[in-house]
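Inspection log for the structure reproduced underneath, given as structure tokens.
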Amino acid sequence: DPSIPDPVAYVQGVLDQVNVCILIPVYNECKEIGRLVESLKQKNFDVLVVDDGSSDDSGKAAREQGAVVIRHDQKQGKGRSLRDGFEFILKGKKYDGVVTIDGDGQHDPQSIPRLLDALAGADLVVGWRARRGPMPFSRVLSNGFSSVLVSLAARRPLGDVHSGFRAYRAERLAGLEI
């Protein structure tokens, strides 16, 4: 059907328009991080991994696949890892955006162009997690409840407010005190 654009050309078109860095906070994700970084590097993304004091070889696995790695000597939490990553990325002022993705494989890197496409009309885009495996009922309940509350406050439906799969405009991040 000629009305449907070539998905490869579409994805390449989105990626040609936006220069982004992928930020991945990790803690003991050695089994997944190497594969994830490799797939991102094959798509020519710059990748920064913040290793939050892992006791496994997460940082080493990421570095071996071409990521720049910042390592915390001890666990400081995901929020601190994100903050340190944002600060590092924004220092160079060479990126239009930052995409965060969890290092455990629950997000599909193939969806990054869709996030970036949506970022054209927003400052922040939050993706949905591809559920892989069972989630404890208490987490399903708390995540659903949080999403409803935030959706009501935002006056728009938001499906997964806890998702780590996000795209940010660099210019907006630079103006925030994180």
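The values are calculated or read from the model by the stated rules, or taken from the named source; none is laboratory data. Keep in mind that this is a model prediction, so the values were computed, not measured. Counting neighbours? That spans all protein chains shown, and the Cβs are built from the backbone with ideal geometry, glycine included. Heads up: the accessible areas ignore ligands, DNA and RNA and are worked out on the full protein's heavy atoms, side chains in. Shrake-Rupley method; radii C 1.70, N 1.55, O 1.52, S 1.80 Å.
The C-beta contact set for the stretch 40-63 (first residue free of Cβ contacts under 8 Å to residues at least 24 places away in the same chain, second residue aliphatic (A, V, I, L, M) and crowded, with 16+ Cβ neighbours inside 10 Å, distance under 8 angstrom, 6+ apart or interchain) comprises Arg63/Val49; Arg63/Val69. If you check Phe137, Phe86 for being among the aromatic types (Phe, Trp, Tyr) and in contact with a helix residue (DSSP H, G or I) (Cβ under 7 Å, 6 or more places away or on another chain), only one passes: Phe86. Total residues in the stretch 87-113 satisfying the condition of being among the aromatic types (Phe, Trp, Tyr) and farther than 24 Å from Cys30 by Cβ: the figure is 1.
For Gly105, the requirement of being at positive phi, of a type outside the set (A, V, I, L, M) and touching a Lys or Arg at 6+ places or on another chain (Cβ under 6 Å) is not met. As for the stretch 78-91, it holds no residue that is open to solvent by 30 Å² or more (accessible area, probe 1.4 Å) and assigned to a loop (DSSP other than H, G, I, E, B). In the stretch 98-120, the count of residues that are outside any helix (DSSP H, G or I), open to solvent by 10 Å² or more (accessible area, probe 1.4 Å) and within 17 Å of Lys43 (Cα to Cα) is one or more. Within the stretch 125-148, residues that are under 29 Å from Leu173 (Cα atoms) and at pLDDT below 65 have Cβ atoms under 8 Å from residues that are open to solvent by 50 Å² or more (accessible area, probe 1.4 Å) and in a loop (DSSP other than H, G, I, E, B) in these pairs: Ala130/Asp108, counting only partners at least 6 apart in sequence or on another chain. Checking each residue in the stretch 149-167 for being modelled with pLDDT of 75 or more, open to solvent by 30 Å² or more (accessible area, probe 1.4 Å) and either closer than 21 Å to Gly77 by Cβ or of a type in the set (A, V, I, L, M, F, W, C) (or both) picks out Leu149, Leu152, Ala153, Arg166.
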